[in-house]
Structures are given as C-alpha cells and as structure tokens.
Amino acid sequence: MARVIRVLVIDDSSLVRNILAQGLSMDSGIEVVGTAPDPLVAQERIARLKPDVITLDVKMPRMDGVEFLKLLMAENPIPVVMVSAYTSAGQKVALDALEAGAVDFVTKPSTDVAAVKELEEMLGELRIKIRAASRANVSRWKSWKEKTVSPGTENIIKTRVSGGVGRGKIIAIGASTGGTEAIKKIIRDFPIETPGIVIVQHMPAGFTKNFAERLNSVSVMDVKEAVSDESILPGKILVAPGNFHMEVIRSPDGYKVVCEKTEKVKGHRPSVDVLMRSVAKCAGIRAVGVILTGMGSDGACGALAMKSAGARVIAQDKASSLVFGMPHAALKEGAVERLVPLEQISRSIMTFLNGIK
C-alpha cells in the first residue's frame, strides 16, 4: 500500500487554508497534517508534524514566503509547492521561488478564490504536483546550488563548434519539474556561436516570457519566447510559449518554428514530444536532443523519434534530477544514448555537435 503524503498548508488567509485543506483531503493518498498562518508559526509545526510536502503562499505577514523558502532550503530542505497569484508580479515571484528551491508552483484562480471551476482545476493541479513533489530529491539542494550556479557567464565553455557557426545543426531540450534551474545551468555554459536551441519547459501561459527573460540575463546567447515563423539561428534560443505547442519546420534559410494551440499531448501544451518529433523529421542526424528533470513521460516518444532519425540523445541522470520521471521514461523507451549529470550536459552536447558534419 502506497504511503500517505503528509502535507502542511501555509497561508495567511483562513479561507484559503480551509479550501486547500479540504481540496487536498479529497485525495486518499494525501493527508493535511496541519496548517499555519505565517512562516514563523510554520517553523514550529514543521518540527513537530514533520510533513513530507509544504504548500506555501507568497505574500504573508512577518516573513515573505520566498524568504522563508530560502531559509528552509538552507537548513531543512523539504519539498515545497508554491501557491501564487496569477498576476505579472505573481509570475515573477513564482520564478523567484523556483530559483530558491521550490519544486513547483500553482496559481490561484484569477477571480474570487472560491470560483468553483477555476478552483477545482487549481486543486486538481495542486494534488498532482504534491504527489510529484513528494518524490523530489531536495535533500541535496544546498550542495547542488553551490556546485552548479555561478555568477554571470564566468563558466562559459570555450569549445568551438566545428563547421563555422553550426548552421543546419539544432539542439532540442525538454523539461518539466525542476527544469527551470537545470536549463539555466546548461545554457549559461554555451558560447555565442552555439547552433540554435529550441526549448519546451512545462509552464503556464505568461510565465514563459518571464522565464525566457531570466535565461537571457545569464546567457551570451539571445533567449526569447518564440513566435510563429521565427527563424532558428546560431546564437539564438527559443522557448515555447505557454499553452502553445512548438514545432520545427524547414525554411529556405534553415529552420523556423511554428507555434499552435492544438490539442494537448499527454496533458501538456507545450509538449516535448511534439517538439522532438518535429526535430526528428526535419533535422535528423544534425540534431541533439536532451531530456531533463520532470515528472511524467512527455518527451520519451519524441526522443525515440529523434534517435531513430539518427540524432544524438542524452538525458539528465537520477542523482542530479529533482524528479527523474521524464529521463527515466525516455530511458525505458530506449531513446537515451547516455545519462549525464547536470553539470556535464553542456559539454556532452558540444561534444556531440563537434561530431556532426
């Protein structure tokens, strides 16, 4: 019998605490062992109740949620799912929380928190993410952060890509839970002449623009949220927009992307499978595919299509993955050439690119 996941809910609103507690308790595999109105009360309840997962509000009295998260991850790492408002400020704070160690986030309904349809959708998403968070490897967060994060672009790899600036070559990256920090680590290591990169990170609409801007601030490459018919060029990274699938097609000058709001695949839009299948079709042996940390199996079939078309495919190893679901699924599918620690993925990609004629 599966172990019940013990959850502590932290929110300054008694209404929200009650709603979250009742909604989470609808899942027989989740037990809300307590609630707290602010981080200072939460500290005592964490020590006494020993929850497996915490849900954490952002704006609270006495201590900001993100500041509390930073202290928690430095001293007593516990999987945290943030609950933030769906606003421009809320989107930025959610990304701050992911940088500080949160496993994932959900957004509160954009209208009244008691709006039935939006509330049910949010609670369903929260239950799924709590289950994923309970399996996340956060025990090594502090050492991982110290090991992988470097200021600016001081650690940029100096390896040159053979064949000039690498026209005709393409890198496709897919990630979900834990992927925002993993992607940041990888792209900060690339030189400006790196072939074009296309990325799918599971993230809602609106958040991907902020995410792309953050990536742009740490990379010498040009990073932006993709728009349809945009060319994929050396030195450029395109992030799939939230709630849109992104595909790669051939163009007279090489490749370009098409972004469409077609049916979800495996519950996702954007989907890694959709992206990687398109890369397999149009780039074949001139592509490198990368599956990073994340829950579920999105990307496994697409990565297999890339490998079958002659592309090189690697995946993040279990020890460095926050959630090993997606890499493991791709490995089981027979799509992965090798598992690689996060800190070695950039160099592995460059090695593969140098072998492409």
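What follows is calculated from the coordinates using simple rules that are stated; it is not laboratory data. Small disclaimer: the values here were computed from a predicted structure and weren't measured. Here Cβ is always computed from backbone atoms with ideal geometry, including for glycine, and neighbour counts include all displayed protein chains.
Here are some conditions: (1) surrounded by 15 or more Cβ atoms within 10 Å (Cβ to Cβ); (2) touching a Pro at 6+ places or on another chain (Cβ under 8 Å). R62 meets all but one. Which one does it not meet?
(1)
Given the condition more than 20 Å from A175 (Cβ to Cβ) and within 21 Å of the chain's Cα centre (by Cα), answer yes or no: does some residue in region 238-260 qualify?
Yes: one or more hits.
What pairs come up if the first residue lies in region 46-73 and is more than 21 Å from M122 (Cα to Cα), the second is of a type in the set (D, E), and their beta carbons are under 7 Å apart, counting only those six or more places apart or on different chains?
Every condition considered, the pairs that remain are P61/D12; P61/D38; R62/D38; M63/D38.
Could you grab me the full set of residues in region 310-324 that are of a type outside the set (K, R) and surrounded by fewer than 20 Cβ atoms within 10 Å (Cβ to Cβ)?
Matches in region 310-324: G310, D317, A319.
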